[in-house]
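Chemist: Pasting in a structure now, in structure tokens, and then I'll have a few things to ask.
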Amino acid sequence: SQQGEEDPQALSIQEGENATMNCSYKTSINNLQWYRQNSGRGLVHLILIRSNEREKHSGRLRVTLDTSKKSSSLLITASRAADTASYFCATDNYGQNFVFGPGTRLSVLP
Amino acid sequence: DSGVTQTPKHLITATGQRVTLRCSPRSGDLSVYWYQQSLDQGLQFLIQYYNGEERAKGNILERFSAQQFPDLHSELNLSSLELGDSALYFCASSVLDSGYEQYFGPGTRLTVT
């Protein structure tokens, strides 16, 4: 099965609300990254958090990493319709491979 | 625009055929990654090259091969194509080896009929 598993699979919220997505993984990692993909297009890198970091912020994004629980969360605050996309976590296993989860499909309703 | 280019954008071919997908990384990036995205398998890492050498291998079939040239562009060769190979193929690049953010190209949509 996939190294990274996002939860929930789909999320629908109103504009202005916060969206939280979770990612769990199975093995030791070097870093964990979050990406966004608009339908059928290339992925866009959002944020990278290294295994020795616990929290990172970038604009309206907040990412946490708990290596003891092998989990990460992505929080998007004050969501906008333009945030509608699929969000993927990806784990970097010390260069051995790079594994994406199945993604969370986020819909932000105006 | 990520700075990563992929050609062609769309490719339609028949089963049993062979195709080549091309990727030019961002200027200065040494690593190139190839991914396959299909509805049933999600986004699968295929292979990574770093400065011309194979660095990591994922779920790449034996019918598929790749290489990175001295000018750092990369090609993914898919042979003996099957219907199940129909997918979006993405190339990504990063400045150095793993541990850095990847910049994705727009993808090549391959349809095998």
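Chemist: Provide the gained length on full extension for the span residue B:10 to residue B:22, in nm with one decimal, where the gain is 0.36 nm per separating residue minus the Cα-Cα distance.
Modeler: Between residue B:10 and residue B:22, full extension yields 3.1 nm more.
Chemist: For the range A:1-82, what relative contact order do you get, as a whole percent, if you take Cα pairs closer than 8 Å and at least 6 residues apart?
Modeler: 32
Chemist: How big is Rg to Rh over the range A:59-110, alpha-carbon atoms, Rh as the Kirkwood inverse-mean-distance radius?
Modeler: 1.03
Chemist: Excluding same-chain residues fewer than 8 positions from residue A:69, which aspartates and glutamates have a Cα within less than 18 Å of its Cα?
Modeler: A:5, A:6, A:7, A:53, A:55, A:92
Chemist: Okay, next question. Given A:56/B:57; A:26/B:57; A:26/B:9, which pairs have Cα atoms separated by over 25 Å?
Modeler: A:56/B:57; A:26/B:9
Chemist: Sort the following peptides by mean Cβ neighbour count (other Cβ atoms within 10 Å, averaged over residues), highest first: B:31-38, B:57-64.
Modeler: Listed from highest to lowest mean packing, they are B:31-38, B:57-64.
Chemist: How many nm separate the modelled label positions at residue B:69 and residue A:107, each set 7 Å beyond the Cα in the direction of the Cβ?
Modeler: Spacing of the two 7 Å Cα→Cβ label points: 4.5 nm.
Chemist: Per residue, how much space in cubic angstrom lies within the convex hull of the C-alpha atoms of chain B?
Modeler: About 91 Å³ per residue, rounded to a whole number.
Chemist: Binning at 10 Å from 0, report for the protein assembly as shown what percent of all alpha-carbon pair distances ends up in each bin.
Modeler: 8, 34, 35, 18, 4, 0
Chemist: Same structure, new question: Defining a contact as two alpha carbons under 8 Å apart and six or more residues distant in sequence, what relative contact order in percent does chain B show?
Modeler: It comes to 37 percent, rounded to a whole number.
Read-outs: derived from the displayed coordinates by stated rules, not from any lab. As the structure is a prediction and not an experimental result, all values here were calculated from the model. Glycine gets a Cβ as well: all are built from the backbone with ideal geometry, and neighbour counts include every protein chain shown.
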